[in-house]
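Nothing in this text is a laboratory measurement; each read-out follows from the coordinates by a stated rule. Not measured: the values here are computed from a predicted model. For neighbour counting, all protein chains shown are included, and Cβ atoms are generated from backbone atoms with ideal geometry for every residue, glycine included.
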Amino acid sequence: MPELGVNIDHIATLRQARMGIEPDPILAAAIAEKNGADQITIHLREDRRHIQDRDLQILRKTVQTRLNLEMAATDEMIETARKILPDTVTLVPEKREELTTEGGLFLTDKHEKLIRRLKEVGIEVSVFIEPDLELIKFSKKIGVDAVEIHTGKYANLIDETEIETEFVQIKNAANLVKKLGMRVVAGHGLNYENIQKLIKLDVIEEYNIGHSIISRAVFSGLAEAIKEMKRIIGDEN
Ligand code: PXP
C-alpha cells in the first residue's frame, strides 16, 4: 500500500498571516499522524514564509512517524539538516518570488557533494524532479535514495490528451526510478480526483500532499467550528 506524507505548510501559512500562535503546525502533525499519515512533510523556505525554525526543532522531537524536510540545495540548509536530522531531506528548487515550488530541481554535479553530506549523517535523500528519464538516471549516479516525481504539470492540465501524455511520462519515470532501485515518490497538486489514475499504476510508493487535504479540512470542519462559537455566545440552536 502506498504511504501518505501530509504536507502541513499551509497550517503554518495561516498562522503567519497573523504572526500569532494558531493554528499550530505541531498540533496539525499530531492529528495527521493519529489519522494515518505515514510521514509529516514540511518545507523550510529560505524566506521562512510559513514553517519556522521553531517548528522544525519541535517537530523533530514530536513526530512519531517520519519527518521529511523539503529544502533548497544550499550549504546553509544542508548544515541545518545535519543538525536537526530529519529522516528524509527532499531537495527542491526555490525561488523567492514563487507562490509555491514551480518545476523540478535541475540536478547538476554540484549536488553530488551536498547529497553525500546528508547521507553521511544517516539522512535519506530524495530529489524533487520532473518526470525526465535522463535526470532520473543522473539521480542514481549521484547517490540519490528516492525520487519525488513532480506531478504539478499533470495536475494543472485540463485537456484530456495532454493529461494522458503527461501521465505516460510519469508512468515511464516511475518505472525507471523503481528499476534503478530508488524509492518512487510523487507530489504537488495532487487531489482527491487526479490521484486515482496514479494509484492504478501500482508503482508509486509514497505521495506527499498538502493543499488539497488542508482545503478539504476547512470545509469538513467549518460547520462544527461555527456551531461551537454559537454555543459559546449563548445560542443553543
Ligand atoms: N512535494 C513537494 C516537493 C512540494 O514542494 C510540495 C509543495 O510544498 C508538495 C509535495 C505538496 O504539494 P501540494 O501542496 O500541492 O499538495
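Results, tabulated for the structure shown:
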quantity	calculated
Criterion violated by GLY143 - all others in (1) more than 17 Å from ILE84 (Cα to Cα); (2) touching a strand residue (DSSP E or B) at 6+ places or on another chain (Cβ under 6 Å) satisfied	(2)
Condition check for ILE233: β-branched (Val, Ile, Thr) and either within 15 Å of the ligand (Cβ to nearest atom) or within 24 Å of ALA28 (Cβ to Cβ) (or both)	no
Filter result (under 16 Å from VAL203 (Cα atoms) and touching a Leu at 6+ places or on another chain (Cβ under 9 Å)) within segment 134-148	ILE136, VAL147
Restricting segment 126-137 to residues that are surrounded by 15 or more Cβ atoms within 10 Å (Cβ to Cβ) and outside any loop (DSSP other than H, G, I, E, B), the residue that is nearest to the chain's Cα centre (by Cα)	PHE128
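Yes or no, residue by residue, for (1) farther than 21 Å from GLN39 by Cβ; (2) more than 16 Å from the ligand (Cβ to nearest atom); (3) buried (at least 23 other Cβ atoms within 10 Å of the Cβ):
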| residue | (1), (2), (3) |
| --- | --- |
| GLU124 | no, no, no |
| SER139 | no, no, yes |
| ILE142 | yes, yes, no |
| ALA146 | no, no, no |
| LYS153 | yes, no, no |
